[in-house]
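Input: a single structure, listed below in structure tokens.
The values are calculated or read from the model by the stated rules, or taken from the named source; none is laboratory data. For clarity, every value in this text was computed on a predicted model and none was experimentally measured. Glycine also receives a Cβ, built like all others from the backbone with ideal geometry; neighbour counts cover every protein chain displayed. What goes into the accessible areas is simple: the full protein's heavy atoms, side chains included, and nothing from ligands, DNA or RNA. Shrake-Rupley method; radii C 1.70, N 1.55, O 1.52, S 1.80 Å.
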Amino acid sequence: MAQPARLAPGRGLSATEVAERVDRGLVNDVPSAPTRTIGQIVRSNLLTRFNLLLGSLLAVILVVGPLQDALFGLVIVANTAVGIVQELRAKRTLDRLEVVNAPRARVVRDGRVSELAVGQVVLDDVLEAAAGDQVVVDGEVLEAAGLEVDESLLTGESEPVARRPGDRLLSGSFVAAGSGRYQATKVGREAYAVQLTEEARRFTLARSELRAGVDQVLKYVTWALVPTAALLFVSQLRLEHGVRAGLSGAVAGTVAMVPEGLVLLTSVAFAVGVVRLGRRQVLVRELPAVETLARVDVICFDKTGTITAGDLAVQGLEPPDGTAGEAAAALGALAAADPNPNATLRAIGRAFPAPDGWRPEAAVPFSSARKWSGASFPGHGAFLLGAPEILLGEVTTEGSGEPRRGAPEDREGSGEPQGGAPEDRDGRLDLLRRAEQIAVEGRRVVLLAHSARPLDGERPPAGLEPRAMVVIGDQVRGDAADTVAWFAAEGVQVKVVSGDHPRTVGAIAAQVGIGGADQPVDARSLPDGQAALADLLEARSVFGRVVPRQKREMVDALGARGHVVAMTGDGVNDVLALKDADLGIAMGSGSAASRAVAELVLMDGRFATLPAVMAEGRRVIANIERVAKLFVTKTVYATALALAVGMAGLAFPFLPRHLTLISSLTIGIPGFFLALEPNTQRSRPGFVRRTLAFAVPAGLAAALGTLAAYQVADLADVPQDEARTTATLALAGLGLVVLALAARPLNHLRRLLLATMAAAFAVVLLVPFLRAFFALDLPPLPVALTALALVAAVGGLLTLAVLRLRL
């Protein structure tokens, strides 16, 4: 890109020059955030392994069977709809948030200032910025009046940086104080903030052990389904003497192998969790993110905006003589006298109202070079506010009327008068020691000094006397200590990763009870190599002077040690770390880039919300694992039945609607209630292993009991419809036994749920219309009683095994 020609700050580009740059493509064309399009959302939820499996079987049954046998197809529609609706809702919320927070640019063209969209800025444009404005493109300062820039979203460093003509400004920073004009030197994809986010543009889904586990089960089912379906079709075709009947029997056997309700209930449980979290002002961009936070064992966050509220506040006023009346009035007058106050003066202005009758006759704005600001007030003299080490060097020698120059330590041994008054050397040293002590505590201090003489240009007036030390600091959130304690009690390690000075970060961390806060680490001394960095991260908890690249390296090092890492952030500097973490958590007031790559967005920016999010995730995981045992049990008994029937050459004992009825009453409906119950059980790895340990023996027992009852009916030579009803009766009874075992411990509500499901099945058997709809024909009483006896025997043995093995 061509080097810009330096323009006059008051004129800017002409309309012709703007048009010429637009024609050359030198426009601030900022790429959109890495969110998924509507088409991508629909495709990702529609084209899944689950939909492929169940959709293929649905297509077959719609051709060869009655509509009642295709009821399982509703699960495909419901599951897909839940996922699509949730992601579209999150996308709309983020898009609205981006529009609301989108900055505007004040551009100087043809000598006039006009407000434009950021995308209309061109190279070489002259832009105007005042306190609170965002720097929208990279540029060079042309003129400045006390201009200070907050680059914390880019660098993590919260201290404002003074900028003078000729200095560089970076897009994504904010004007903290003062005002100025700058010329655009880099626009569009060449701007610093855009380059920093380009690496994070590829959208990635949140990692979900639950979904990975379900997908693994579906993979096993896929391998078993095709040969099982072929075996069933051949055996049923030989027995039924018809293609339609053979296909219907084959589909009945294979559709039960797919745990369709598990996929749906997982999505529903996640969606309900999303709704609950939404009431707490937490936006969940992807359903699995609810689960991921529950598995987090390390959480990394910045000091500003999490432990602290992010706003400076006056925390104390320490006058040397113990009287603060005049000092408070002077502070209020100084804050009111500055038209572009910096963060420190804004905090002072909130703490001390401007007094009546104080009208400044001269004022000097704050400068990082001078490190002080001041104003003269008729009848009150001049008051200065600045760094103690600077202003104390200007305090007069007692009785001399002449100012001292230089810091107190430079004058030791000079023969100047000594004494105990606040204005002599020992007094100044006491004040400096106090200022240093405050700084070590993680707070900052400014000195208020007074002179009877008025301001004379930008030099401090003679005869300065210290009047008060003003202690200022970030306000620690009232709920921060409780939040940190909650994480510690739940076994979650807390790491503070900040761009601020290590001692400042450590002092703030100590206030909220973070372990190791007395040993903060300066990130400039971090070791090379992932293993060494991981060792340090395991041992220490507080890190200062951390740059964006190091945040990402820290996340990767912790992940390499097997930790599930959550990263919170609000700035462009956090984007890469947010993306690499197992779970990225962005603040709603942060940059659009951080919100775009994070899985969770705290809309109100409250760090204290995270325990509720984690508790919601734990509820989802624990309940879905309980429900998964039911659905995988169905997969096991359906596979065992299909293989046994196929190899033995028997007629399949069920129609598809029979299995729909059984799975609805023993798995689907009760699973829905179990999935939404309160549950505070801690999450543990090994979801698939524990699920299979329960489901395999339970499923084999259910299949064995069902086949035995079916054989009893066959030996009794009852009609095929009655034999199928006998098998349905047996499998429903054993399904209720499995439900009772999975729902342990049984409380009042769960017992009521069991009783309701059993009663519902009895109603289906007793009501003629329902019995006909589900093609059920009651067998003779002896056959039915024998089937129930088999259910009791097999169910009793299964219960003893599960309790003994603690499955």
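Tabulated values for the structure
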| item | result |
| --- | --- |
| Flag if Ala452 is touching a residue at least 60 places away in the same chain (Cβ under 8 Å) and loosely packed, with under 15 Cβ neighbours inside 10 Å | yes |
| Qualifying positions in region 262-304 - β-branched (Val, Ile, Thr) and closer than 30 Å to Arg545 by Cβ | Thr292, Val296, Val298, Ile299, Thr304 |
| Test: residue in region 374-382 that is modelled with pLDDT of 85 or more, among the hydroxyl-bearing types (Ser, Thr, Tyr) and in contact with an Asp or Glu (Cβ under 6 Å, 6 or more places away or on another chain) | yes |
| Considering residues of region 520-538 that are more than 15 Å from Val497 (Cβ to Cβ) and of a type in the set (Asp, Glu) only, the residue least open to solvent (accessible area, probe 1.4 Å) | Asp535 |
| Among the residues listed as Leu650, Leu643, the single one being open to solvent by 20 Å² or more (accessible area, probe 1.4 Å), aliphatic (A, V, I, L, M) and not in a helix (DSSP H, G or I) | Leu650 |
| Test for Met587: is it within 18 Å of the chain's Cα centre (by Cα), open to solvent by 20 Å² or more (accessible area, probe 1.4 Å) and within 30 Å of Val275 (Cβ to Cβ) | no |
| Region 756-771, residues that are surrounded by fewer than 13 Cβ atoms within 10 Å (Cβ to Cβ) and either within 22 Å of Gly668 (Cβ to Cβ) or touching a strand residue (DSSP E or B) at 6+ places or on another chain (Cβ under 8 Å) (or both) | Ala759, Ala762, Val763, Leu766, Val767, Phe769 |
| Failed condition for Val738, given (1) open to solvent by 30 Å² or more (accessible area, probe 1.4 Å); (2) of a type outside the set (Asp, Glu); (3) in contact (Cβ under 8 Å) with a residue 60 or more places away in the chain; (4) in a helix (DSSP H, G or I) | (1) |
| Hey, Pro719 over 22 Å from Ala640 (Cα atoms), out of contact with any Asp or Glu (no Cβ under 9 Å at 6 or more places or on another chain) and free of Cβ contacts under 8 Å to residues at least 60 places away in the same chain or not | no |
| Criterion (touching a Leu at 6+ places or on another chain (Cβ under 8 Å) and closer than 18 Å to Leu661 by Cα) met by exactly one of Ala732, Ala701 | Ala732 |
| Residue list for region 626-635, restricted to those being surrounded by 23 or more Cβ atoms within 10 Å (Cβ to Cβ) and not hydroxyl-bearing (Ser, Thr, Tyr) | Val627, Ala628, Lys629, Leu630, Phe631, Val632, Lys634 |
| Any chance Leu432 is buried (at least 21 other Cβ atoms within 10 Å of the Cβ) and touching a residue at least 24 places away in the same chain (Cβ under 8 Å) | no |
| Breaking point among (1) over 30 Å from Ile514 (Cβ atoms); (2) open to solvent by less than 10 Å² (accessible area, probe 1.4 Å), for Leu655 | (2) |
| Residue satisfying condition, being surrounded by 18 or more Cβ atoms within 10 Å (Cβ to Cβ) and in a helix (DSSP H, G or I), within set Ala730, Ala789 | Ala730 |
| Selection count where residues are in a helix (DSSP H, G or I) and open to solvent by 40 Å² or more (accessible area, probe 1.4 Å), scope region 328-378 | 4 |
| Qualifying position, being assigned to a helix (DSSP H, G or I), in contact with an Asp or Glu (Cβ under 7 Å, 6 or more places away or on another chain), open to solvent by less than 50 Å² (accessible area, probe 1.4 Å) and more than 15 Å from Phe654 (Cα to Cα), among Thr799, Thr725, Thr691 | Thr691 |
| Among (1) under 13 Å from Thr666 (Cβ atoms); (2) aliphatic (A, V, I, L, M); (3) within 47 Å of the chain's Cα centre (by Cα) - the single one Val791 does not satisfy | (3) |
| Condition check for Ser541: under 27 Å from Glu616 (Cβ atoms), modelled with pLDDT under 85, open to solvent by 10 Å² or more (accessible area, probe 1.4 Å) and within 23 Å of the chain's Cα centre (by Cα) | no |
| Of all residues making up region 286-318, the number that are open to solvent by 20 Å² or more (accessible area, probe 1.4 Å) and among the charged types (D, E, K, R) | 5 |
| Condition check for Ile514: buried (at least 20 other Cβ atoms within 10 Å of the Cβ) and either at pLDDT below 90 or acidic (Asp, Glu) (or both) | no |
| Verdict on Leu765 being in a loop (DSSP other than H, G, I, E, B) and aliphatic (A, V, I, L, M) | no |
| Residues of region 555-584 satisfying the condition of being open to solvent by 30 Å² or more (accessible area, probe 1.4 Å) and either basic (Lys, Arg) or within 14 Å of Ser498 (Cα to Cα) (or both) | Arg561, Asp570, Lys579 |
